[in-house]
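Chemist: Here it is, the structure in full.
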Amino acid sequence: DFIKHIEDEDLLSHYIPQPEGMTYSLREDSEEAKINKDLYGVKDGYEWNNLHFGCKWDICDAIAEVADDGVSATFNTPWSPPIAGVRAISEKFPDATFTLTYWEEGCDFCGAAVCKNGSVDESGVTSVSDVQHEWCERNHPELLKKALESDWSCEASDELLEYWWDVSYEVLSEY
């Protein structure tokens, strides 16, 4: 059942359903928004999702893999990790531990959160640019030095960024 909801890309909305009939996006001054605010504390489904999922809609581009030691899932969410949603789901599976690793290069953050029985440890938050810089220092120190000396406006910068893009998914998913 859990894996099905990952593959169906309705993991968050299945375990944390929105109130029935809630409209996704409403103007603040609409009558429906005022009713929702009174009943649910939010004006619409957009705010509800952000509050209860941690992002504006459910998972997408999901892949689930079953192993002897548990389930691994890879998926995308918009602009932020679904920590609030995974925390809530962990309450429904109190014996399971959920480890969420995430990154958003455009907003320059990445991290990890561990959820178990409704509690969350988010101690691993940093910036993508810090991870990238550390990787460049370890793997291409000479190119990094040239790039920094030129304020990132030289051929070495382009070469270094190409190397980074080739490995960024792997590096960040191991973070």
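The values are calculated or read from the model by the stated rules, or taken from the named source; none is laboratory data. Just so we're clear, the structure is a prediction, and the values are computed from it rather than from any experiment. Because the Cβ atoms are built from the backbone with ideal geometry, glycine has one as well, and the counts that use them run over all protein chains shown. Each accessible area value is taken on the protein alone, full model and side chains, heavy atoms only, with ligands, DNA and RNA left out. Shrake-Rupley method; radii C 1.70, N 1.55, O 1.52, S 1.80 Å.
Chemist: Determine whether region 87-103 contains at least one residue that is of a type in the set (Phe, Trp, Tyr), over 20 Å from Asp166 (Cβ atoms) and open to solvent by less than 40 Å² (accessible area, probe 1.4 Å). Step through it out loud before you land on a result.
Modeler: Just the residues of region 87-103 that are of a type in the set (Phe, Trp, Tyr), to begin with: 93, 98, 102-103.
With the extra rule that they be over 20 Å from Asp166 (Cβ atoms), the set shrinks to 93, 98, 102.
Next cut, open to solvent by less than 40 Å² (accessible area, probe 1.4 Å) only: 98, 102.
The answer is yes; a qualifying residue exists.
Chemist: Could you go through region 20-32 and let me know if any residue there is open to solvent by 80 Å² or more (accessible area, probe 1.4 Å), out of contact with any strand residue (DSSP E or B) (no Cβ under 7 Å at 6 or more places or on another chain) and among the hydroxyl-bearing types (Ser, Thr, Tyr). Step through it out loud before you land on a result.
Modeler: Quick first cut of region 20-32, residues open to solvent by 80 Å² or more (accessible area, probe 1.4 Å) only: 20, 24-25, 27-29, 31.
When the remaining residues are screened for being out of contact with any strand residue (DSSP E or B) (no Cβ under 7 Å at 6 or more places or on another chain), the result is 20, 24-25, 27-29, 31.
Keeping just the survivors that are among the hydroxyl-bearing types (Ser, Thr, Tyr) gives 24-25.
Within region 20-32, one or more residues are open to solvent by 80 Å² or more (accessible area, probe 1.4 Å), out of contact with any strand residue (DSSP E or B) (no Cβ under 7 Å at 6 or more places or on another chain) and among the hydroxyl-bearing types (Ser, Thr, Tyr).
Chemist: Just checking, how many residues over region 51-73 are touching a strand residue (DSSP E or B) at 6+ places or on another chain (Cβ under 7 Å) and either open to solvent by less than 60 Å² (accessible area, probe 1.4 Å) or farther than 18 Å from Lys4 by Cβ (or both)? Break it down into steps so the answer makes sense when it comes.
Modeler: To start, the set of residues in region 51-73 that are touching a strand residue (DSSP E or B) at 6+ places or on another chain (Cβ under 7 Å) comprises 59-65, 71-73.
From the residues that got through so far, the ones that are either open to solvent by less than 60 Å² (accessible area, probe 1.4 Å) or farther than 18 Å from Lys4 by Cβ (or both) too are 59-60, 62, 64, 73.
Looking only at that region, the number is 5.
Chemist: So which pairs qualify, if the first residue must be in region 57-81 and touching a residue at least 60 places away in the same chain (Cβ under 8 Å), the second must be of a type in the set (A, V, I, L, M) and in a loop (DSSP other than H, G, I, E, B), the Cβ gap must be under 9 Å, and the two must be at least 6 apart or on different chains?
Modeler: Short answer, once both residue conditions are applied: Val71/Ala96; Ala73/Ile59; Phe75/Ile59.
Chemist: Scan region 58-92 for residues that are farther than 22 Å from Leu172 by Cβ, of a type outside the set (Asp, Glu) and outside any helix (DSSP H, G or I) and jot them down.
Modeler: Selection gives Val66 alone.
Chemist: Looking only at helices (runs of 4 or more DSSP H) that lie completely in region 107-175, which have at least 2 residues being hydroxyl-bearing (Ser, Thr, Tyr) and open to solvent by 40 Å² or more (accessible area, probe 1.4 Å)? Full working, then the answer.
Modeler: Working: elements: 128-139, 141-149, 155-174.
Here the list reads 155-174.
Chemist: Give me a count of the residues in region 92-131 that are under 17 Å from Ile6 (Cβ atoms) and in contact (Cβ under 8 Å) with a residue 60 or more places away in the chain.
Modeler: Of region 92-131, the ones under 17 Å from Ile6 (Cβ atoms) are 92-93, 96-102, 115.
Pick out the ones that are also in contact (Cβ under 8 Å) with a residue 60 or more places away in the chain and you get 92-93, 101.
Adding up the residues that qualify gives 3.
Chemist: Separate question: Of (1) open to solvent by less than 40 Å² (accessible area, probe 1.4 Å); (2) assigned to a helix (DSSP H, G or I); (3) without any contact (Cβ under 8 Å) to a residue 24 or more places away in the chain, Val42 satisfies all except one. Which?
Modeler: Status for Val42: all satisfied but (2).
Chemist: List the number of the failed condition for Pro82; all other conditions in (1) in contact with a Gly (Cβ under 9 Å, 6 or more places away or on another chain); (2) over 21 Å from Gly106 (Cα atoms); (3) buried (at least 18 other Cβ atoms within 10 Å of the Cβ) hold.
Modeler: Result: Pro82 passes all but (2).
Chemist: Which numbered condition trips up Lys37, out of (1) open to solvent by 70 Å² or more (accessible area, probe 1.4 Å); (2) part of a loop (DSSP other than H, G, I, E, B)?
Modeler: For Lys37, the failing item is (2).
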